[in-house]
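J.: This is the structure I have questions about; it appears just below.
Where a number appears in this text, it was derived from the coordinates with a stated rule and is not lab data. Note that the structure is predicted; figures quoted are calculated from it, not measured. No Cβ is skipped: glycine too gets one built from the backbone with ideal geometry, and neighbour counts run over all protein chains shown.
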Amino acid sequence: MTETAIQVKDLRKSFKDTEVLKGVDIEVRRGEIFALLGSNGAGKTTTVKILSTLLRPDGGTASVCGFDVQRQPGKVQQSISLTGQFAAVDGILTGRENLVLIAKLRSISDPAQVADSLLERFGLRDAANRRAGTYSGGMTRRLDIAMSLVGTPPVIFLDEPTTGLDPEGRLEVWKTIKELASSGVTILLTTQYLEEAEQLADKIAILHGGKIIANGTLEELKKLFPPAQVEYIEKQPSLEEIFLAIIGKKEGN
Ligand SMILES: Nc1ncnc2c1ncn2[C@@H]1O[C@H](COP(=O)(O)OP(=O)(O)OP(=O)(O)O)[C@@H](O)[C@H]1O
Ligand SMILES: [Mg+2]
């Protein structure tokens, strides 16, 4: 596999008269956590759907692990997992049953063993035989992420992994994501939470008005804005301030 895990060039997508993506460029290196930030309706889910072959772009190119999403969708599907914006967990089944089901669907040779090792890894062993419908938000999200890891794909997409979670649930999921990244998986996550990007991401891209209007490490983004001087105390801008300032600046373009 090349050093570049995800490459997106001039990606375009419209829904009827609405131009959602107007030429998006993204590059994610192997092993990186990449955060795609944007407000509601910015096109984050649309981008993730195109990258995971669920949606066809109107123009531009996108590849994952060197495979083109349009010409080699099967290869892309084998290289990725997707945890969608809304949990795919079946509340009637237990945590273990959910995992075994996915492993069987993916024709994994030992579904029970795969399920058990994921339950262990995600701290769900004690809850394994309880219906998933009784799990807390954080546990459900962890199970959801665990389900997407059946088959150990090298690239994972997490669409708003912590939306709707309380601070504790969010911390649990952050920990999970950090552990995944340290095991060498490439992660592209979308979020509306600036703190989430600040906490997790090696690289951050801001999607606004159909384009990536800022892109880089947190340090690089901070450099776009000179620190405010207040009586000799240097104040670093928060990502939230950077985000709002960039959006404000570009509004109307
Ligand atoms: N299948 C569709 N048909 C028509 N319009 C769509 C479709 N999917 C998305 N859109 C529109 O495209 C725009 C981008 O939607 P998208 O879901 O990608 O945004 P998002 O950044 O994921 O937002 P959110 O933070 O609310 O999840 C929105 O205006 C949405 O209404
Ligand atoms: Mg979305």
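J.: Using the Kirkwood formula on the Cα atoms of region 58-203, what hydrodynamic radius do you get, in angstrom to one decimal?
T.: That comes to 15.8 Å for region 58-203.
J.: Show the residues, 5+ positions off or on another chain, whose built amide H is closer than 5 Å to the amide H of VAL20.
T.: LYS13, SER14, PHE15
J.: When N counts the residues of region 1-49, how does its alpha-carbon radius of gyration compare numerically with 2.2 N^0.38 Å, as a ratio?
T.: 1.26
J.: Once label points are set 7 Å from the Cα along Cα→Cβ at both GLU27 and ASP58, what is their separation, rounded to one decimal in nm?
T.: 2.7
J.: Per residue of region 161-174, what does 6.51 cos²θ - 1.76 cosθ + 1.60 with θ = phi - 60° give for ³J(HN,Hα)? Whole Hz please, x for Gly and Pro, Karplus curve as stated.
T.: Along region 161-174, the couplings run x, 10, 4, x, 8, 7, x, 5, x, 5, 4, 4, 5, 4 Hz.
J.: Based on the Kirkwood radius over alpha-carbon pairs, what is the Stokes-Einstein translational diffusion coefficient of the chain at 37 °C with 0.692 mPa s viscosity, in µm²/s?
T.: So the translational diffusion coefficient is about 172 µm²/s.
J.: Roughly how many nanometres apart are two label points built 7 Å out from the Cα toward the Cβ at ASN129 and GLU179?
T.: Once both label points are built, they end up 2.2 nm from each other.
J.: Convert each backbone phi in region 24-40 into a coupling constant with the Karplus relation 6.51 cos²θ - 1.76 cosθ + 1.60 (shift: θ = phi - 60°), then list the ³J(HN,Hα) values in order as whole Hz, x for Gly and Pro.
T.: Residue by residue, region 24-40 yields 9, 10, 9, 9, 10, 7, 4, x, 8, 9, 10, 9, 9, 9, x, 6, 4 Hz.
J.: Shifting gears a bit: Can you list residues from other chains, or at least 5 along the same chain, whose modelled amide H is less than 5 Å from the amide H of PHE122?
T.: Close amide H contacts, sequence-distant or interchain: none at all.
J.: Could you give the angle, 0 to 90 degrees to the nearest 10, between helix 137-148's Cα long axis and the longest principal axis of the Cα atoms of the chain?
T.: Compared with the principal axis, the helix lies near 80 degrees.
J.: Moving on to the next point. Would you please classify the overall shape of region 148-216 from the alpha carbon gyration tensor, given that a ≥ b ≥ c denote the square roots of the eigenvalues, rounded means a/c under 1.5, and beyond that prolate means a/b larger than b/c while oblate covers the rest?
T.: Note, shape of region 148-216 comes out oblate.
J.: What number, rounded to the nearest 500 deg cm²/dmol, is the helix-based mean residue ellipticity at 222 nm of the chain, given -39500 (n - 2.57) per DSSP H run of at least four residues and division by all its residues?
T.: My calculation for the chain gives -10500 deg cm²/dmol from helical runs alone.
J.: What list of ³J(HN,Hα) values in whole Hz, one per residue of region 181-189 in order, does the Karplus curve 6.51 cos²θ - 1.76 cosθ + 1.60 (θ = phi - 60°) give from phi, with Gly and Pro shown as x?
T.: So the J values, rounded to whole Hz, are 5, 6, 8, x, 6, 8, 10, 10, 10.
J.: Can you give the local net charge around ILE177? Use residues other than it whose beta-carbon is closer than 14 angstrom to its beta-carbon, Lys and Arg +1, Asp and Glu -1.
T.: -4
J.: Order 113-123, 185-195 from most to least packed using the mean count of other Cβ atoms within 10 Å.
T.: 185-195, 113-123
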